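Everything below concerns the one structure shown next.
The values are calculated or read from the model by the stated rules, or taken from the named source; none is laboratory data. Everything quoted here is computed from the prediction, not taken from an experiment. Because the Cβ atoms are built from the backbone with ideal geometry, glycine has one as well, and the counts that use them run over all protein chains shown. The accessibility values were calculated without ligands, DNA or RNA, using every heavy atom of the protein model including side chains. Shrake-Rupley method; radii C 1.70, N 1.55, O 1.52, S 1.80 Å.
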Amino acid sequence: MIKRKIFIKKLNNLNKDIEKRVREAKVLLLGCSAGGFGLVYDLVLGLPEDFPLPVIVIIHRSKKYRSSMEELLDSKSRISVKLAEDKEQIKKGFVYFAPPDYHLLLEPEGFFTLDTSEPVMYCRPSIDVTFQSVADVYQENVIALLFSGANADGADGLAYIQAKKGLVGVQNPEAAEVRTMPDAAIGRCQVDMILSNSEIFSFIGSIATVLNSVKDGKD
Amino acid sequence: MAELRNRNFLSSATADTVTFEQIDELVEWVKRIHGFDFSGYSRASLKRRVTRIMDLHNLTLFDLKSLLVNDYAFFEEFIIEITVNVTEMFRDPGFYRAVREKVLPYLASFQRIKVWNAGCSTGQELYSFAILLAKENLYKRSFLYGTDINTRVLDLAKKGIYDLKLMKHYSENYLESGASGSLSDFYTAQYDAASINHSLKKNTLFSVHNLVSDGVFNEFQLISCRNVLIYFNVELQQKVISLFYNSLCPFGFLCLGSKESLRDSELSRRFKVIDKAENIYQKIE
Ligand SMILES: C[S@@+](CC[C@H](N)C(=O)[O-])C[C@H]1O[C@@H](n2cnc3c(N)ncnc32)[C@H](O)[C@@H]1O
């Protein structure tokens, strides 16, 4: 079923094209639903304080039980983690979670807008909505990864980012607790990367290495 | 609208249809022709909504512009589609709990309680307030004004008839807000429609008011404007907050949405925070 196999074997040795696009990236987007929370949790926990890109996380969770994932993560991780606030300026050094029950949009001036419009595919926040909105602002300079989940949210978003020449990857459906979401994305577009769990960690690590070396090189 | 319309973004889902520059042009166009000024609105939201309209009617930007000039009915439709009208009864139950516990006891000390619900959409928020007031025996000396820019939602608000299916969710909200009794005490069900009791409609008035261009029209003991400011940029938000400030009586209350705050404006010092999490404020000077 899965024809593409652009696995990244050694991530200290990124494929040239991918490395070039990582170098130009301005934002990292992560999306997941059922079965992906643990992975996102561990990824954020592993981010260095000086991670070179702002990170936006869209997860589906019920507004009923106010989850405190971001508070917990903020106290445990080196990077700052928070719920995105309306009209807050996006900055690196922060991981922003979309608040439950709102769509998260990015304005061309680089600040967030929260939106109460209709759920999309029963989801609010919708991964598609945020991925599309962020791509409208950062164009090709977007890296987006989609993990485990029980519906097809995120697939259109990845395709949209890809149409703008952004870099898109999914968790290998074999490795995902619930494979519907990565499968849908693979069905909808030619994803650049299909990553095992450990490859996801090293890919994100390599983003830091690549971009921080660019920065060091300049100084 | 209240009825969740789950329209998919088919053609636009995977490809960009309009740029921010084109959105700005369109906003300028609408302002020149119809006098409606959307320049202070969230451009990210406008872009999404305009894309949706173009999809829905299968229009190019050129078509859209000519329709906006030539077809007034379409213009009305356009206004409806580019603003977000989604609403619920007792949305954010914690907010209504805070109003009941922290605001109503104080409101009870006013002889007349005039409430302004700005950006009321189809009326669910206003009727939620009406129910809160009725439960505390304050409705008789209250009057509630619901305003919006959108005439179609106002017509629905006046009718106060909602899809019965929605009532289940509203009832859950109602109970979660800690209210006693049941929401069904306040509506009658007929077939698949729930009609808000006439007694709750008596002291209400719905009318058009544009927060961008219209001014103070009365003095209020409480103003509730929820989930409207998020669609405005910071400058327009400040302008609207000063309109609210000028429309409140001394010690009147201002209620904003769960994700909307006064920020650090000049005016914020003239308000006392009544509930930080729920963004409820009281004018103190
Ligand atoms: C998301 S709804 C909020 C409904 C309700 N207050 C709630 O929180 O559930 C936003 C409403 O604001 C209205 N609106 C947008 N711009 C406005 C303006 N300039 N003046 C008055 N109302 C406006 C829209 O028509 C819409 O009905």
Q.
Suppose we keep only residues that are open to solvent by less than 30 Å² (accessible area, probe 1.4 Å), touching a residue at least 24 places away in the same chain (Cβ under 8 Å) and among the hydrophobic types (A, V, I, L, M, F, W, C) within segment B:68-83. Which one would you say is farthest from the ligand (Cβ to nearest atom)?
A. B:68
Q. When the residues of segment B:223-237 are filtered to those that are within 14 Å of the ligand (Cβ to nearest atom) and of a type in the set (A, V, I, L, M), which remaining residue is nearest to residue A:102 (Cα to Cα)?
A. B:230
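Give the residue, chosen from B:212, B:216, B:240, that is on the phi < 0 side of the Ramachandran plot, within 15 Å of the ligand (Cβ to nearest atom) and assigned to a helix (DSSP H, G or I). Before you say what the answer is, go through the steps one by one.
Details: B:212 fails: assigned to a helix (DSSP H, G or I); B:216 fails: assigned to a helix (DSSP H, G or I).
Sole residue among the options that is on the phi < 0 side of the Ramachandran plot, within 15 Å of the ligand (Cβ to nearest atom) and assigned to a helix (DSSP H, G or I): B:240.
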Q.
Suppose we keep only residues that are in a loop (DSSP other than H, G, I, E, B) and closer than 25 Å to residue A:189 by Cβ within segment B:11-59. Which one would you say is farthest from the other protein chains (Cβ to nearest Cβ)?
A. B:58
**Q.** Residues of segment A:64-98 satisfying the condition of being within 14 Å of another protein chain (Cβ to nearest Cβ) and closer than 22 Å to residue B:237 by Cβ
**A.** A:82, A:83, A:84, A:85, A:86, A:87, A:88, A:89, A:90, A:96, A:98
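Of these, A:182, A:125, which one is under 24 Å from residue A:63 (Cβ atoms), modelled with pLDDT of 95 or more and more than 8 Å from chain B (Cβ to nearest Cβ)?
Numbers: A:182 fails: under 24 Å from residue A:63 (Cβ atoms).
Going through A:182, A:125 in turn, just one is under 24 Å from residue A:63 (Cβ atoms), modelled with pLDDT of 95 or more and more than 8 Å from chain B (Cβ to nearest Cβ): A:125.
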**Q.** Checking residue B:259 against (1) in contact with a strand residue (DSSP E or B) (Cβ under 7 Å, 6 or more places away or on another chain); (2) more than 28 Å from residue A:88 (Cα to Cα); (3) not in a strand (DSSP E or B), the condition it does not meet
**A.** (2)
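Quick one: is residue B:127 within 13 Å of the ligand (Cβ to nearest atom) and not in a helix (DSSP H, G or I)?
On the way: within 13 Å of the ligand (Cβ to nearest atom): yes; not in a helix (DSSP H, G or I): no.
Criteria not met by residue B:127.
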Q. Within segment B:97-115, is even one residue within 14 Å of chain A (Cβ to nearest Cβ), β-branched (Val, Ile, Thr) and either in contact (Cβ under 8 Å) with a residue 40 or more places away in the chain or away from the ligand (no atom under 16 Å from the Cβ) (or both)?
A. no
Q | Close pairs (8 angstrom Cβ cut-off, 6 or more residues apart or separate chains): facing chain B (nearest Cβ under 7 Å) and among the aliphatic types (A, V, I, L, M) in segment A:99-111, in a loop (DSSP other than H, G, I, E, B) and open to solvent by less than 10 Å² (accessible area, probe 1.4 Å) anywhere | A | A:105/B:42
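If you scan segment B:262-272, which residues turn out to be in a loop (DSSP other than H, G, I, E, B) and either under 17 Å from residue B:222 (Cα atoms) or in contact with a Lys or Arg (Cβ under 6 Å, 6 or more places away or on another chain) (or both)? Please lay out each step first, then the result.
Initially, segment B:262-272 is screened for residues in a loop (DSSP other than H, G, I, E, B), giving B:262-265.
The answer is B:262, and nothing else.
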Q: Look through segment B:130-152, keep the residues that are farther than 14 Å from residue B:88 by Cβ and of a type in the set (Val, Ile, Thr), and return whichever of them is farthest from the ligand (Cβ to nearest atom).
A: B:151
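If you check B:206, B:232, B:220, which single one turns out to be of a type in the set (Phe, Trp, Tyr) and farther than 27 Å from residue B:78 by Cα?
Details: B:206 fails: farther than 27 Å from residue B:78 by Cα; B:232 fails: farther than 27 Å from residue B:78 by Cα.
From the options B:206, B:232, B:220, the qualifying one is B:220.
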Q: State yes or no: is residue B:27 in contact (Cβ under 8 Å) with a residue 12 or more places away in the chain, outside the structural domain of residue B:228 (by TED's automatic domain parsing) and within 24 Å of the chain's Cα centre (by Cα)?
A: yes
**Q.** Filtered residue count, segment A:131-149, keeping only those that are closer than 17 Å to residue A:203 by Cα and surrounded by fewer than 24 Cβ atoms within 10 Å (Cβ to Cβ)
**A.** 1
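Identify the residue in segment B:182-203 that is assigned to a strand (DSSP E or B) and open to solvent by 20 Å² or more (accessible area, probe 1.4 Å) and, among all such residues, is nearest to the ligand (Cβ to nearest atom).
Here the residue is B:187.
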(Q) Of the conditions (1) outside any loop (DSSP other than H, G, I, E, B); (2) within 14 Å of chain A (Cβ to nearest Cβ); (3) open to solvent by 10 Å² or more (accessible area, probe 1.4 Å); (4) within 15 Å of the ligand (Cβ to nearest atom), residue B:158 satisfies every one except a single condition; which number is it? (A) (2)
Q. Within segment A:138-160, is there a residue that is at the interface with another protein chain (Cβ under 9 Å from one of its Cβ atoms), closer than 27 Å to residue B:229 by Cβ, in contact with a strand residue (DSSP E or B) (Cβ under 8 Å, 6 or more places away or on another chain) and hydroxyl-bearing (Ser, Thr, Tyr)?
A. no
Q: For segment B:223-237, enumerate the residues that are within 13 Å of chain A (Cβ to nearest Cβ) and either under 14 Å from residue B:39 (Cβ atoms) or assigned to a strand (DSSP E or B) (or both).
A: B:231, B:232, B:233, B:234, B:235, B:236, B:237
